[in-house]
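Here is the structure we will look at, set down as structure tokens.
Readers should treat all values here as calculations from the given coordinates under stated rules, not as data from a laboratory. Computed from a predicted structure; not experimentally measured. Methodologically, a virtual Cβ is constructed for each residue, glycine included, from the backbone with ideal geometry; neighbour enumeration extends over all protein chains shown.
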Amino acid sequence: MLWDVIGRLVDAEVHVDLALALWLRWITATSENVKPSQKILGSDRYWALIQKCLVTGFSERKKYSLYLLTTSVSLLQEPFNARTFAFDPKKSAPIIAAWDKYTTFVEIVSLSASPNQLRDATSDLKRLLDPTSYIPASWIAVLITLGFQSGSGGVARAFWNIVTSLEKKRLARLFEGPEGRKLLQDVLLPYAASASNFVIGRSTPEKCAHGTHIAKWVGSVLSSEDAEAQKATARAVLEWIDEKEDNSFAPARVWILQGVLIGVEGEKVFTETRDLALLVKIAKMRRFTKLKVDVCVAIVLKLFLAIDVEKVGFEAFWR
């Protein structure tokens, strides 16, 4: 079956361009017997593969992927509700209008790379993250990823300012799924942790505006989420801190860890032994000055209060 072949080619990554060529010919076929069925269009995998194509490769591939998205939306006829896409023919007009606006954003950030246009459209972009929006949060994660991939420092900075100014209900929606946590680990935390962002004034060397901003923002992300999402996001942040020990700016890791502490205060979010193991590994990091080691250990000790001992078990502390 052609759809299975296309899926395998996209998964193989080195053959994405060939997959897109086949895919585009398939969805633009004139015969109804050849076009993708409504069952295929209603599958989660169909839209997830379009997302994958959008965030890989250069501008030409992105153009094809964007055309693939708009054409696929126009082919929808039957209602379905998948994790990465939903459609209701009774609401087709507002749904198509929302996707038209989304594709315009993709063109702004990925093809034209215009920070001024992005800043002017900030309110419209934020509305795409409203609970009533027809655009699933995973597609906003794709859009933000494209912005940071654009090669424009202005677009990346504009997106960073937008994301860090989101209200809690929109933060919760953006990071509620695995795509949001991947965005956090692969894009946002690395950008936030860049050493060039940490500028200390001579008159106030004891203060770091960017570090304080990161900590408050990470805290806001965690405190905005429901219990299950909070657990998953907190673990994702700790995993990033642990994995980036050798190649991230040391003070950034401390500020991000402080953000976790702010976000989980008063909650029991660490419910598995792997959470405890992560905290212990982070406390043992040695690529710090002595002062930063002391601060890191102090934060980890406070984070121990967020461990659910009933679920983790006392024996885990003595292994």
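For the stretch 23-39, in order, what is each residue's ³J(HN,Hα) by Karplus, 6.51 cos²θ - 1.76 cosθ + 1.60 with θ = phi - 60°, in whole Hz (x at glycine and Pro)?
Taking θ as phi minus 60°, the curve returns 4, 5, 5, 5, 6, 9, 4, 7, 7, 5, 6, 9, 4, x, 6, 5, 5 Hz for the stretch 23-39.
Explain nothing, just the number: relative contact order of the stretch 178-242, from Cα pairs under 8 Å at least 6 residues apart, as a whole percent.
Once normalised by length, the contact order is 32 percent.
Given Cα pairs under 8 Å that are at least 6 residues apart, what percent is the relative contact order of the chain?
Over the chain, the number comes to 10 percent.
Got a sec to turn the phi values of the stretch 46-53 into Karplus ³J(HN,Hα) couplings, 6.51 cos²θ - 1.76 cosθ + 1.60 with θ = phi - 60°, whole Hz, x for Gly and Pro?
Computed from phi, the couplings for the stretch 46-53 are 4, 6, 5, 6, 5, 4, 4, 5 Hz.
What residue among S138, S150, S123 has the largest mean-square fluctuation in a Gaussian network model of the chain, using Cα springs under 10 Å?
Ranking S138, S150, S123 by mean-square fluctuation puts S123 first.
So which residue, out of K62, K91, K168, gets the largest mean-square fluctuation from a GNM of the chain using Cα contacts under 10 Å as springs?
K91
Counting Lys +1, Arg +1, Asp -1, Glu -1, what net charge surrounds A113 among other residues with beta carbon under 14 Å of its beta carbon?
Neighbourhood net charge equals +3.
Of K168/K231; K35/K91; K52/K182; K231/K268; K244/K284, which ones are farther than 19 Å apart at the Cα?
K35/K91
³J(HN,Hα) across the stretch 4-13 via Karplus (A = 6.51, B = -1.76, C = 1.60, θ = phi - 60°), whole Hz, x for Gly/Pro?
5, 5, 4, x, 5, 5, 5, 4, 6, 6
Using the number of other C-beta atoms within 10 angstrom as an exposure proxy, rank Y191, Y134 with the fewest first.
Y191, Y134
Rank these for me by crowding, T84, T103, going from fewest to most other beta carbons within 10 Å.
Sorted ascending by nearby Cβ count, the order is T103, T84.
How do E267, E225, E176, E60 rank when sorted from fewest to most other Cβ atoms within 10 Å of their own Cβ?
Ordered from fewest to most neighbouring Cβ atoms within 10 Å, E267, E225, E176, E60 come out as E60, E267, E176, E225.
Mind checking the angle between helix 273-283 and the chain's longest principal axis? C-alpha axes, 0 to 90 degrees, to the nearest 10.
Tilt relative to the chain: about 60 degrees.
Go ahead and set up a Gaussian network model of the chain, Cα springs under 10 Å, then flag whichever of E243, E32, E78 fluctuates most.
E32
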